[in-house]
1. In which sequence would ASP62, ASP15, ASP38 go, from the one with the fewest C-beta neighbours within 10 Å to the one with the most?
2. Subtract the Cα-Cα distance of THR55 and GLU75 from 0.36 nm times their separation in residues, and report this length gain in nm to one decimal.
3. For segment 1-51, with only Lys/Arg (+1) and Asp/Glu (-1) charged at the beta-carbon, what is the dipole magnitude about the Cα centre, in debye rounded to 20?
4. Tell me, in nm to one decimal, what length is gained between LYS68 and GLU45 on full extension, where the rule is 0.36 nm per residue of separation less the Cα-Cα distance?
5. So what J values fall out for segment 18-25 if you push phi through Karplus, 6.51 cos²θ - 1.76 cosθ + 1.60 with θ = phi - 60°, rounded to Hz, Gly and Pro as x?
6. Within the P(r) computed for the chain, what percentage of the Cα pairs occupies the region above 16 Å?
7. In a GNM of the chain with a 10 Å cut-off on Cα contacts, which of SER22, SER63, SER48 has the highest mean-square fluctuation?
Amino acid sequence: MKPLTPKTRGAIVYDYNCRHSSHTIAKQLGCEKTTVNDILKRLRETHSLIPKKQTGRPPLLDSPAQQKLKSFIKENNENR
């Protein structure tokens, strides 16, 4: 699922402050109830609507090792 826009995040908080349930908010905005609850939880914990930075798997090779591998491949292709 694509990330929610800041406008949608604001709408979730606004509706919650207007005493709407997370189920109702999710239904109105077309997202999952857990998404609504996660946004509200993050707001309570960090006082921010900005999503967490996406983390991922670290690269297997660092930048110098990548350059070395590229030059190795280039040299071997020239020798063929």
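Read-outs throughout are calculated quantities, based only on the coordinates presented, and are distinct from any laboratory measurement. All of these numbers come straight from a predicted model, not from anything done at the bench. Because the Cβ atoms are built from the backbone with ideal geometry, glycine has one as well, and the counts that use them run over all protein chains shown.
1. Starting with the residue having the fewest Cβ neighbours, the order is ASP62, ASP38, ASP15.
2. Difference between extended and current length: 3.8 nm.
3. 40 debye
4. Separation in residues times 0.36 nm, less the Cα-Cα distance, equals 3.9 nm.
5. 8, 6, 7, 6, 5, 5, 5, 4
6. Summing the P(r) of the chain above 16 Å gives 62 percent of all pairs.
7. SER63
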